[in-house]
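The values are calculated or read from the model by the stated rules, or taken from the named source; none is laboratory data. Predicted model only: the values in this text are computed from it and were never measured. Here the Cβ positions follow ideal geometry from the backbone for every residue, glycine too, while neighbour counts run over all protein chains shown.
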Amino acid sequence: MVFPARIGGLGALFGILFHISIINIEFDLYIFHFIATSVIAFLGSVYAFAQQGGIGPDTALVASTIFFLGFNTALLTSIATYRLVFHRCRVFPGPLPAKITRFYATYLYTRKEEYYRSLAKMHATYGDYVRTGPREISILHKDAIAALYGPNSKCRKSTFYGQSGNDPNKVSINMLRDQKSYRQRRRAWDRGLSNKALSTYEPRIKSKVDQFVTKLRTNAGKPLDITAWAMYYSFDVMGDIGFGKDFNSLGTGVEHPAIKGIHDHVAILGALQTVPWLLNLLGSVPGAAGAFSEFFGMCEAEIREKEKNWDSEKEPRDIVSWLLKASKDKESSASPTKESQADDSRVVIVAGSDTTSNTLANALFYLSKHPTLQSKLYTLLTTAFPNGYQYWTYDKVKAISYIDDIINETLRLKPAVLHGVTRETPPEGIYVGDTYIPSNTNASVSCLLIQKDARWWQQGDAFVPERWSEWREEMGTDGAPYFPFQLGTHNCIGKNLAYLSLRTSLSAIVLNFEVSLAEGETGEVFDTGFADTLLLTLPPLKLMFTPREKR
Ligand code: HEM
C-alpha cells in the first residue's frame, strides 16, 4: 500500500534536514557528487520499495518519484526561504531573484544588454552595496578596494576560483585559494617575470614589434582590423616569452586555431562563470570541455616537449621554463603535479595575451580619436629618436612617461579584467567604512564602473592621459580608485611584462605611422559594443596606418 502524502511528507522532511546539514558547507564543490548520489539513491529507493510486500515495480517507481519530488521541493523552498529571510546577506538590497539564486546573474549575462550595464543599473537603483547573488555583494565604494584586495586584506579568493576544484595539487596559480600554497607557488612565477628575466625578453618583444611594424607597412593604405592584429601580436609575444615558441600569427595573419576555440566560446564561459559549481560540474563530465580541448592539448604538448628537452645548464629563457626549473630543482615553489603544471601553462597564454592585446587596441583607438594627443606623443618620440626608428631603444622609451599616461588612462576606461574578481570575506567578516560585510560573503568591486565614477574621477568618461602627470593634482588622481592589475597578494604577476610589451608596441607604431580611423569607421561600435565576457571581448576596429616621412 502506498500513501503518497506520507511518502511526499517524509521526502520533504529529509529535504529540510538535508538543507540544514549543508548550510555551513561550501556545497558548490559537491554538486557532481550530489547529483550522482541522488541518482543512485533514487534507483536504490525504487529497489527498496519493490522489496515491500504487495508493491509492484510501477508502484515502487511512483513512490520513489513522490519521495524525491517532496525532497527536492522542500529543499528548494527551504533554500529560497533561508536566503530571503535568514541569510547573513539579507540586509543588502538587490533584485529579488538575485537574492535567491546565482542563475539570475547567468540570465543577465545571456541577455543582449551587457552585464556591466545591468550592474550599473542595479547600483543606480540600490546604491553602493548590491546583493547580486545569494551570498554575492557588488560594492561601488572606494574603501572596498583595500578591504577586499589590499595587502592587508583578510579575504581570500572566492568560490569562483573553486570551479576546477579546491585541490592545490591540481589547479593553476590563478585558481589557488589556499594562501600558503599560493605564496609558495608565486615565487617561481615571480622569478619568470623578474626584472632579470624581463631583460632577456626585451629584445625578443622588440623583434615581434618589428614584424608587426613590417606587416602594417606592407598593408599601408588598407584598413586593418586592429582588434585582430593586436591579438596576433600579443599571442606571438606570449608564445615566445611564455613557451619559447613561435606561434607565427603575425606571419600568417590568422588566429591560431587553439586560441580561436577559446574566443569562439568565451561568451558561454562568461555566462557559466556566474555559477562556479556549474563549471565545476561540466569539468567533471568527460568531453564537456570539448571547445577548449585543442588549447588544452597545445599547452600540454608544449610543456611536455620543454620538459623532454630540458637543459639544466642553461638559464631559462621563457616563463614555462622558469616554472619547470622550480620543479626540476624540487623547490617548494614548484607546481606540484603534471596537472597543475599544464593548468599553469594555460594561464600564461590566457592571462597574458588578451589582456595586453585589448589594451593595445584600445590605446590605438583613443589615439586615433584624439589626433592632438597622438601628435603630442609623436613629438616626444621624435625628440627621443631624432634620427628615426632604427635608433629606438627601450631605455629611452621607458623615460617617456607620456606613454605610461596613455596606457594608464586606457586601462582606467577599459580595464582588461572588467569585474568579477571576487573575494570571500573571512569568518569574522570585514568592514568597508562603517558597513559590515558578513563572513563567507563573495564580494567584488567592478573595476570598470568605479574607475569612471564621477565621485572620484573628474571627466570620468573622457580620455585625458594628462590626469596622470601635469593635471594630476587638479584632477584629484591620487586617491581615486584605480586597480586594473589588482592589488596586494594576488596582484597581476605579469604587470611589468605588460608595460614592456605595450610601451614597445605603442612607441614603435606611433613613431612609424600616423594612426587614424578608416573611412566609414566611427569607432562607436568598438567603443560601446564590447562584450562583457570572462575576458573582455572587443568588436573589430578598422584603422589606417599611414607611414610617416623618413621614419
Ligand atoms: C594589460 C595587461 C594585463 C592586465 C590588465 C592584467 C590584469 C590582471 C588582473 C586584474 C589579475 C587578477 C586576476 C584575479 O585576481 O583573478 C591578473 C592576474 C594575473 N596575471 Fe595579469 N594582466 C595583464 C597582463 C598579464 C601578462 C602579460 C601576464 C603574463 C603571463 C599576466 C599574468 C597574470 C597571472 C599569472 C595572474 C594570476 C595571479 C593570481 O591569480 O594571483 N598578466 N592580471
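In table form, for the structure just shown:
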{"read-out": "Residue list for region 23-33, restricted to those being hydrophobic (A, V, I, L, M, F, W, C) and either exposed (fewer than 14 other Cβ atoms within 10 Å of the Cβ) or touching a strand residue (DSSP E or B) at 6+ places or on another chain (Cβ under 8 Å) (or both)", "value": "ILE23, ILE25"}
{"read-out": "Residue, farthest from GLY297 (Cα to Cα), within region 331-354, restricted to residues that are of a type in the set (Ser, Thr, Tyr) and in a helix (DSSP H, G or I)", "value": "SER353"}
{"read-out": "Filter pass, SER375 being under 28 Å from ALA399 (Cα atoms) and modelled with pLDDT of 85 or more", "value": "yes"}
{"read-out": "Residue tally, condition in contact with a strand residue (DSSP E or B) (Cβ under 7 Å, 6 or more places away or on another chain) and either in the same structural domain as LYS452 (by the TED database) or assigned to a loop (DSSP other than H, G, I, E, B) (or both), over region 154-177", "value": "4"}
{"read-out": "Close pairs from region 481-500: first in contact (Cβ under 8 Å) with a residue 40 or more places away in the chain and of a type in the set (Gly, Ala, Ser), partner more than 7 Å from the ligand (Cβ to nearest atom) and not in a helix (DSSP H, G or I), Cβ under 8 Å, at least 6 apart", "value": "GLY488/GLY150; GLY488/PRO151; GLY488/ASN152; GLY488/SER153"}
{"read-out": "Filter result for LYS414 (assigned by the TED database to the domain that holds LYS369 and either within 16 Å of the ligand (Cβ to nearest atom) or at pLDDT below 95 (or both))", "value": "yes"}
{"read-out": "Residues located in region 488-501, provided they are over 19 Å from LEU176 (Cβ atoms) and either near the ligand (Cβ under 6 Å from one of its atoms) or out of contact with any Asp or Glu (no Cβ under 9 Å at 6 or more places or on another chain) (or both)", "value": "ASN496, LEU497, ALA498, SER501"}
{"read-out": "One residue from ALA50, ALA12 being at negative phi, surrounded by 13 or more Cβ atoms within 10 Å (Cβ to Cβ), part of a helix (DSSP H, G or I) and modelled with pLDDT under 85", "value": "ALA50"}
{"read-out": "Qualifying residues in region 517-537 (those that are of a type in the set (A, V, I, L, M, F, W, C) and modelled with pLDDT of 95 or more) - the one surrounded by the fewest Cβ atoms within 10 Å (Cβ to Cβ)", "value": "VAL525"}
{"read-out": "Any hit, region 456-467, residues being part of a loop (DSSP other than H, G, I, E, B) and within 16 Å of the ligand (Cβ to nearest atom)", "value": "no"}
{"read-out": "Qualifying residue in region 202-222 (condition: closer than 17 Å to THR356 by Cβ, polar (S, T, N, Q) and either part of a loop (DSSP other than H, G, I, E, B) or more than 16 Å from the ligand (Cβ to nearest atom) (or both))", "value": "yes"}
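Results for (1) within 27 Å of the chain's Cα centre (by Cα); (2) surrounded by 22 or more Cβ atoms within 10 Å (Cβ to Cβ); (3) farther than 24 Å from VAL525 by Cβ; (4) of a type outside the set (A, V, I, L, M), shown as yes or no for each residue.
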| site | (1), (2), (3), (4) |
| --- | --- |
| THR214 | no, no, yes, yes |
| LYS222 | no, no, no, yes |
| ASP225 | yes, no, no, yes |
| TRP229 | yes, yes, no, yes |
| TYR233 | yes, yes, no, yes |
| VAL237 | yes, yes, yes, no |
| ILE241 | yes, yes, yes, no |
| LYS245 | yes, no, yes, yes |
| ASN248 | yes, no, yes, yes |
